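Novice: One structure, as C-alpha cells, below. Some questions next.
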Amino acid sequence: MAVQFNYLAQKGWKPKNPDENYVITLLKIELDEKAVRTAKYQHLKKGENKKNKLFEDAAATVAAESSTGTWTKVYSGSDSGILLAKEKRAIAYDLDYDRNMFKIAYPIELFELNNLSGLLAGIVGNIAGMKMISAMRIYDIKLPKKIVESFPGPKFGVKGIRKLLNKPKGCLVITVPKPKIGRTDKEQAELAKILFNSGKGTYDGIKDDENLTNLSFNKFEKRAKLVLDEAKIAEKKTKHKKFYLCNITHSNIEEMINRAKIIKDNQGIFIMMDVVTTGFAAVDTLRRKNLGLAIHAHRAMHGFMTRDNSPGIHGKGKLYGFSISMIVLAKLFRLLGVDSLHGGSPLAKMEDYKEASYIRHVLQDKELKPHKKIPSLGQKWRHINPVWMTASGGLHPGDFESILNELGQDTIIQCGGGLLGHPEGIEAGVIAIETAREIYEKGIPLKKFVEKNPDSELAVAMKHWGYGPKIVY
Ligand code: CAP
Ligand code: MG
C-alpha cells in the first residue's frame, strides 16, 4: 500500500510538459482475487465501489514501489529524505476502470539520464512481484528529451547501411543456415559462396543462427575469416556488396569486443548479437565502443518477456500473466543504438500481426504516433535515426509481396528454411528470392508472375510453400 503520501493523481491530472519533465509508462493490471475478497474500505462514498477503490490503490502502490515509496510508513525526520521523496514521487494517472489500465508519470530527476539499466530497475524493477496484483503488462515507455539526448542511437541505421552497401533503395535479403547447428566453419563458408554467387549475384547477406557461437567444429574466428573472404571474392565477381551478420554473442562483454575486433580486422561491416540474452549493458557498451561496425540485433528469449496470449492483451478483458511488450524492447534497443532489429513479421510463425506492423514504425518513424488500436504512447526520436526492421521466422518467397506492402522497403527479409528448403536446391532458393524481390520492385503481382512462369524457381517455391506464411502449430 502506498501509505506515506498520495501517489494517485486527481481526476483529470496530466503531467506538465512531459517531454521535458517525465518518463511515462502505460500499464494494465489484474487485481489478485484474494486482495479483492479481503479488502476493507470503511468510508466508501456513494457511487464508489470496492473494486475501483482497490484498483486505485494498486495503481498508486505501483507508482510508489517504482519511485520513492515502500509498503509501510518509514521514519520521516528532517534528515530522512522524505521531503524530496514526496516532491519527486511518481504519480499514477489516466485510470481506465473498465480496462484496468493506467499511466505513471516519473519525474526525470529520479533517473541518471544515460543509464538505461538503472532506469529500468526503477520503473519496472520490483512491481511484477507485488502480491495485490495477479497479472501485469507494460505496454509502453515514453522517454523525455534529455534521456533521448543522452543516448547515441544507431551509428549507421537505415541510411548508413544503404551507403555502406551502395544500395539506395529496396529491401535486403539474408539467410540463416539451417540446420541451425551442424555445418562446420568451412561448410558455412561454402554456403555463403553459393548464396552470394548464385542467380544474378544480388543476394545480400548471410547470418549466423542464434545458437552458433564458437563451437568445437565451427570456430568463431575461422568462420568469420572464411565467410568474410567469400563476401570479398563475391563482391568483386558480382559487383554487389555482401554482408555477414556474424554472431559475437557471449556472456562476457570483453569477449564480445574481442570478437567484434576480429570481424573488423577481416573487413566485416556488421556484428550480430543476441540483445536480450546479452542485455542492455552489453548493447550500450558495444555501441559506445564505436568500433565502426553496424550492430544487428537478434532477440532470442524475448518471447518469455513479450508474449502474452491473454484475452485482455489489447485492452478489455482479463490478463493472465506478467509481460513487457515488444514495443518497449524495440524502443530501448533503437535508443541504445542497434542498426537493425528483429521485429518479427506480420506473417511470421511467432507473431501478433498488428504489433509486428507497428514495430516497424517504432524503429523507423521520427515522430512516433501512438497506435490507434494497440495501447501505446508514441515517442519523439529527435537525433535517433531509423533502424532496419528485420522480418524473420517461417518466411519464404511467397511472403515478399505482403511483407513489403506492410513493412516498406527498409526491411531485411530473412529466409532460412524458406531458401534452403527449396525443392530444387539452394541455388534455386536464391533465384526464387531474387525473383520475388525483383518482381515486387517492378510492380509485377506475384500470382500473375507465377501463372506466366510456371516452371520458374519462384513458381516451384510457391507450389511447395503456398502463398501464406508457414505457421507451424
Ligand atoms: C528463422 C530463425 C530466427 C527466428 C527468430 C529461426 O529461421 O533463424 O531465429 O525467426 O526471429 O531460428 O527460427 P527460418 P524473430 O527462416 O527458417 O524460420 O525474432 O524475428 O522471430
Ligand atoms: Mg534463428
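Novice: Picking from A294, A282, which residue would you name as being touching a helix residue (DSSP H, G or I) at 6+ places or on another chain (Cβ under 7 Å) and touching a residue at least 60 places away in the same chain (Cβ under 8 Å)? Steps first, please.
Specialist: Working: A282 fails: touching a residue at least 60 places away in the same chain (Cβ under 8 Å).
Sole residue among the options that is touching a helix residue (DSSP H, G or I) at 6+ places or on another chain (Cβ under 7 Å) and touching a residue at least 60 places away in the same chain (Cβ under 8 Å): A294.
Each row is one residue, and each column tells you yes or no for (1) in contact with a Lys or Arg (Cβ under 7 Å, 6 or more places away or on another chain); (2) free of Cβ contacts under 8 Å to residues at least 24 places away in the same chain.
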position: K163; (1), (2): no, yes
position: P168; (1), (2): yes, yes
position: L191; (1), (2): yes, no
position: K232; (1), (2): no, no
position: R259; (1), (2): no, no
position: I269; (1), (2): no, no
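Every residue, every condition in (1) among the aliphatic types (A, V, I, L, M); (2) within 22 Å of P144 (Cβ to Cβ); (3) surrounded by fewer than 18 Cβ atoms within 10 Å (Cβ to Cβ), yes or no:
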residue	(1), (2), (3)
Y7	no, yes, no
W13	no, yes, yes
D19	no, yes, yes
Y22	no, yes, no
T25	no, yes, no
K28	no, no, no
E33	no, no, yes
T38	no, no, yes
Q42	no, no, yes
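Novice: Does the stretch 388-395 contain at least one residue that is closer than 18 Å to I174 by Cβ, at pLDDT below 95 and in contact with a Cys (Cβ under 6 Å, 6 or more places away or on another chain)?
Specialist: So far as the stretch 388-395 goes, yes, one or more of its residues are closer than 18 Å to I174 by Cβ, at pLDDT below 95 and in contact with a Cys (Cβ under 6 Å, 6 or more places away or on another chain).
Novice: Kindly provide the set of residues from the stretch 140-196 that are assigned to a loop (DSSP other than H, G, I, E, B), in contact with a Phe, Trp or Tyr (Cβ under 7 Å, 6 or more places away or on another chain) and within 16 Å of ligand 1 (Cβ to nearest atom), ordered by number.
Specialist: Once the filter is applied, which keeps residues that are assigned to a loop (DSSP other than H, G, I, E, B), in contact with a Phe, Trp or Tyr (Cβ under 7 Å, 6 or more places away or on another chain) and within 16 Å of ligand 1 (Cβ to nearest atom), the stretch 140-196 yields nothing.
Novice: In the stretch 268-286, is there at least one residue being closer than 25 Å to L226 by Cα and part of a loop (DSSP other than H, G, I, E, B)?
Specialist: yes
Novice: What residue, of H422, H383, H371, is farther than 16 Å from I327 by Cβ, free of Cβ contacts under 8 Å to residues at least 60 places away in the same chain and outside any strand (DSSP E or B)?
Specialist: Details: H383 fails: free of Cβ contacts under 8 Å to residues at least 60 places away in the same chain; H371 fails: farther than 16 Å from I327 by Cβ.
Answer to the selection: H422.
Novice: Surrounded by fewer than 19 Cβ atoms within 10 Å (Cβ to Cβ) and either under 26 Å from the mean Cα position of the chain (by Cα) or within 16 Å of ligand 2 (Cβ to nearest atom) (or both), is that true of E406?
Specialist: Judged against the criteria, E406 is a match.
Novice: OK, next. Looking only at the stretch 204-229, which residues are away from ligand 2 (no atom under 16 Å from the Cβ), closer than 20 Å to I271 by Cβ and not in a helix (DSSP H, G or I)?
Specialist: If the condition is that a residue be away from ligand 2 (no atom under 16 Å from the Cβ), closer than 20 Å to I271 by Cβ and not in a helix (DSSP H, G or I), then D204, N214, K219 are the ones that fit.
Novice: As an exercise: evaluate L419 against (1) at pLDDT 95 or above; (2) surrounded by fewer than 24 Cβ atoms within 10 Å (Cβ to Cβ); (3) out of contact with any Pro (no Cβ under 7 Å at 6 or more places or on another chain); (4) not basic (K, R) and give the number of the one condition it does not meet.
Specialist: The single condition L419 does not satisfy is (2).
Novice: Separate question: Examine the stretch 395-410 for a residue that is within 30 Å of M101 (Cβ to Cβ), within 16 Å of ligand 1 (Cβ to nearest atom) and part of a helix (DSSP H, G or I), and state whether such a residue exists.
Specialist: yes
Novice: Taking the stretch 287-331 as the region of interest, how many residues are at pLDDT 95 or above, away from ligand 1 (no atom under 16 Å from the Cβ) and hydrophobic (A, V, I, L, M, F, W, C)?
Specialist: Number satisfying all stated conditions: 5.
Novice: Just one of the numbered conditions (1) assigned to a loop (DSSP other than H, G, I, E, B); (2) within 16 Å of ligand 1 (Cβ to nearest atom) is not true of C246; which one?
Specialist: Single failed check for C246: (1).
Novice: What helices (runs of 4 or more DSSP H) lie completely within the stretch 40-138 and have 1 or more residues being in contact with a helix residue (DSSP H, G or I) (Cβ under 6 Å, 6 or more places away or on another chain) and not hydroxyl-bearing (S, T, Y)?
Specialist: Qualifying helices (runs of 4 or more DSSP H): 50-65, 116-123.
Novice: Which of the residues spanning the stretch 112-128 are exposed (fewer than 14 other Cβ atoms within 10 Å of the Cβ), farther than 18 Å from A58 by Cβ and in contact (Cβ under 8 Å) with a residue 60 or more places away in the chain?
Specialist: Within the stretch 112-128, just S117 meets the criteria.
Novice: For the stretch 32-90, enumerate the residues that are among the small types (G, A, S) and in contact (Cβ under 8 Å) with a residue 24 or more places away in the chain.
Specialist: Within the stretch 32-90, A35, A58, A59, A60, A63, A64, S66, S67, G69, S76, A85, A90 meet the criteria.
Novice: Same structure, new question: Is at least one residue of the stretch 348-360 among the β-branched types (V, I, T), under 30 Å from I29 (Cβ atoms) and more than 13 Å from ligand 1 (Cβ to nearest atom)?
Specialist: So in the stretch 348-360, the residues among the β-branched types (V, I, T) come out as 359.
Subsequent filtering for residues that are under 30 Å from I29 (Cβ atoms) retains 359.
With the extra rule that they be more than 13 Å from ligand 1 (Cβ to nearest atom), the set shrinks to none.
No - not one qualifying residue is present in the stretch 348-360.
Novice: Can we say G394 is closer than 30 Å to I295 by Cα and either surrounded by fewer than 20 Cβ atoms within 10 Å (Cβ to Cβ) or in contact with a helix residue (DSSP H, G or I) (Cβ under 8 Å, 6 or more places away or on another chain) (or both)?
Specialist: Values: closer than 30 Å to I295 by Cα: yes; either surrounded by fewer than 20 Cβ atoms within 10 Å (Cβ to Cβ) or in contact with a helix residue (DSSP H, G or I) (Cβ under 8 Å, 6 or more places away or on another chain) (or both): yes.
The answer is yes for G394.
The values are calculated or read from the model by the stated rules, or taken from the named source; none is laboratory data. Since the model is a prediction, treat every value here as computed from it, not as a measurement. Neighbour counts run over all protein chains shown; Cβ positions are idealised from the backbone, glycine included.
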